[in-house]
1. Any idea which of Glu43, Glu6 is modelled with pLDDT of 95 or more and under 20 Å from Ile130 (Cα atoms)?
2. Can you confirm whether Ala192 is touching a helix residue (DSSP H, G or I) at 6+ places or on another chain (Cβ under 6 Å) and of a type in the set (Gly, Ala, Ser)?
3. Sort out which residues of the stretch 148-163 are within 14 Å of Val122 (Cα to Cα) and part of a helix (DSSP H, G or I), and write them in order of number.
4. Of all the residues that make up the stretch 23-60, how many are in contact (Cβ under 8 Å) with a residue 60 or more places away in the chain and more than 15 Å from ligand 2 (Cβ to nearest atom)?
5. Just to be sure, is Ala183 open to solvent by less than 20 Å² (accessible area, probe 1.4 Å) and away from ligand 1 (no atom under 16 Å from the Cβ)?
6. Kindly establish whether Gly115 is in contact with a Leu (Cβ under 7 Å, 6 or more places away or on another chain), within 16 Å of ligand 2 (Cβ to nearest atom) and open to solvent by less than 30 Å² (accessible area, probe 1.4 Å).
7. Applying the selection to the stretch 120-142, what residues are under 24 Å from Thr100 (Cβ atoms), within 14 Å of ligand 2 (Cβ to nearest atom) and not β-branched (Val, Ile, Thr)?
Amino acid sequence: MTAHLEVHQFPVLNDNYAFLVHDAAQGITASIDTPDARAILSEAERLGWTITHIFNTHHHHDHAGGNLAIKEASGCTIYGNSADASRIPGIDIKLADGDTFDFGGHVVEVVETPGHTVGHIVYYIADESIAFVGDTLFAMGCGRLFEGSPQQMWNSLSRIRQWPDDTRIYCAHEYTLANAEFAMSVEPDNTALRQRFDEVKAMRRNHKPTVPTTLAIERQTNPFLRADVPEFINAIDMPGQGAVDVFAETRRRKDSF
Ligand code: ZN
Ligand code: FE
């Protein structure tokens, strides 16, 4: 019988989240990225879990920097994008867009989401309605375009946006309050956004995580998923413009906000 996966989330470094995904039936545990090897290993030990897998989203140091230390300590298997293999330390299983693999009796789907980096991938587990999106999508935000183009990132976000409303989105950083302030500057009349801004302020005041979020909430409040929504296009005053141009302008404004 297939059991539900348990996701254990905890803050590491300045504003990263670490995620341990555990299947009790098979006694396997995946670390989603490796922002802080020491913290991840000690948290796993505290829980009585042995890390058997690492699922990397991209090569940045706050995502793959702990790979080798965790692999050395646990003998785990490291999954990452084949196209980025030279930048993923210790990679064992080289994935490509559309690949699927089994984890604890659940199908994990690999989706390539270039934009933040060209080799970024995300992990979607449809039967559990969960996704680990790294630095592609954030609560009310998206990753900076360090390597990819606005067109690539818009395509990547559009693929994520196709998943069901109740998909829980595990993003790698707690950037939500700053993202909300920017979103409010662009779309102050969005009532769902105003309400969420208040909620997020209260949560952060109480040191509560705003991650995971859901796709339903992001569709309503995330400016970077709204570049083809008429209300948003009006709010940013780009009538008649295409989604990629609206997205690119929104990203530009956020970069200098
Ligand atoms: Zn990154
Ligand atoms: Fe990051």
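1. Residue meeting the stated conditions: Glu6.
2. The answer is yes for Ala192.
3. Result: Met153, Asn155, Ser156, Leu157, Ser158, Arg159, Ile160, Arg161.
4. Residues that pass the stated criteria total 5.
5. So Ala183 passes the test.
6. Yes; evaluated as a whole, the condition is true for this residue.
7. His120, Phe132, Gly134, Asp135, Leu137
The values are calculated or read from the model by the stated rules, or taken from the named source; none is laboratory data. On a predicted model such as this, the values are computed, not experimentally measured, just so you know. All Cβ positions, even for glycine, are placed from backbone atoms using ideal geometry, and neighbour counts span all protein chains on display. Only protein heavy atoms, including side chains, enter the accessible area calculation; ligands, DNA and RNA are left aside. Shrake-Rupley method; radii C 1.70, N 1.55, O 1.52, S 1.80 Å.
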